[in-house]
Each structure stands twice: as C-alpha cells, then as structure tokens.
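> Input: one structure, supplied below.
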Amino acid sequence: MIVGFGGFIGSVARFLVSRYFQENIVSVFPWSTLAVNIIGSLIIGIIYGISEKGDFLSSEIRLFLTVGICGGFTTFSTLSNDAFLLLRQQEWIRFAFYTSFSFFLGLLAVYAGRIMIKLF
C-alpha cells in the first residue's frame with residue numbers, strides 16, 4: 001500500500017511536469033522525460049544520502065519515497081520510447097544527446113543529491 005500510494009503521487013507529478021513542458025516548450029526533443037528523470041535521480045540521491053547519514057528514515061518511509069514516489073515519477077519506458085522515436089525520425093544527434101544526457105546527468109544527479117546531504 002505504501003509503495004502504491006507513493007507511485008500514485010509520483011505518477012501524477014510526472015503527468016503534471018510533462019504537461020507543463022508540452023504546453024510551454026515546442027520541440028521534438030523529449031525535454032519533459034529528461035527533466036523528470038534527472039529531477040527524480042536528484043531526489044533519490046538525496047533520500048539515500050539522508051538514509052546513509054543515520055536513522056532518519058524508517059524502511060517504510062524510504063520505500064514510499066524511493067520505490068513509490070521516485071519510481072512513479074521517473075520513467076525508463078518513456079525514455080526508451082522517446083529514444084526509439086528519435087531513431088525512427090533519423091534524429092541521430094538528438095538521439096545521442098538524449099540518451100547520453102539521460103544516463104550521465106541522471107548518474108550525476110544521484111551523486112549530487114548524496115553529496116548535498118553529506119555537506120549538510
């Protein structure tokens with residue numbers, strides 16, 4: 001139940017962020033998916049950074065926040081579909097930029113979230 005409720009919150013948040021991007025940015029580049037995945041990576045880095053600092057989060061709260069909210073907010077399947085569409089449209093440079101940035105910025109965001117917590 002905890003993970004399901006968190007997933008509901010994360011999915012609704014992803015929908016709202018995606019909607020914002022669709023209404024405000026006209027582009028074939030999937031900015032909304034990139035944004036939610038990087039934001040989600042930063043948040044999960046912060047959550048695990050807090051968890052590593054001490055006993056601040058119970059295992060239930062950690063599951064709610066990471067698997068539930070972050071899992072519902074971020075989306076690998078949409079990233080994969082967006083990448084496929086860029087390939088199908090022969091947008092080679094956008095495809096390379098999108099897939100590379102999705103992975104490396106996501107990894108950097110997780111690291112940044114953990115470092116932010118360690119510094120405080």
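The values are calculated or read from the model by the stated rules, or taken from the named source; none is laboratory data. Just so we're clear, the structure is a prediction, and the values are computed from it rather than from any experiment. Neighbour counts are summed over all protein chains in view; Cβ atoms, including those assigned to glycine, are modelled from backbone coordinates with ideal geometry.
> Going residue by residue through the range 44-65, is there one that turns out to be over 18 Å from residue 3 (Cα atoms), free of Cβ contacts under 8 Å to residues at least 24 places away in the same chain and within 15 Å of the chain's Cα centre (by Cα)?
The answer is no, given that none of the residues of the range 44-65 is over 18 Å from residue 3 (Cα atoms), free of Cβ contacts under 8 Å to residues at least 24 places away in the same chain and within 15 Å of the chain's Cα centre (by Cα).
> Still on this structure: Taking residue 82 and the conditions (1) touching a residue at least 12 places away in the same chain (Cβ under 8 Å); (2) within 28 Å of residue 115 (Cα to Cα); (3) surrounded by 17 or more Cβ atoms within 10 Å (Cβ to Cβ), which numbered condition does it fall short on, given that it satisfies the others?
(2)
> Could you count how many residues in the range 20-43 are under 12 Å from the mean Cα position of the chain (by Cα), farther than 15 Å from residue 71 by Cβ and among the small types (Gly, Ala, Ser)?
Residues in the range 20-43 being under 12 Å from the mean Cα position of the chain (by Cα), farther than 15 Å from residue 71 by Cβ and among the small types (Gly, Ala, Ser): 2 in total.
> Go through the range 1-59 and give me each residue that's over 14 Å from residue 72 (Cβ atoms) and of a type in the set (Lys, Arg).
Hits for the range 1-59 are 19, 53.
> Of the residues that make up the range 44-59, is at least one modelled with pLDDT of 95 or more, out of contact with any helix residue (DSSP H, G or I) (no Cβ under 7 Å at 6 or more places or on another chain) and closer than 22 Å to residue 113 by Cβ?
Looking through the range 44-59, none of the residues is modelled with pLDDT of 95 or more, out of contact with any helix residue (DSSP H, G or I) (no Cβ under 7 Å at 6 or more places or on another chain) and closer than 22 Å to residue 113 by Cβ.
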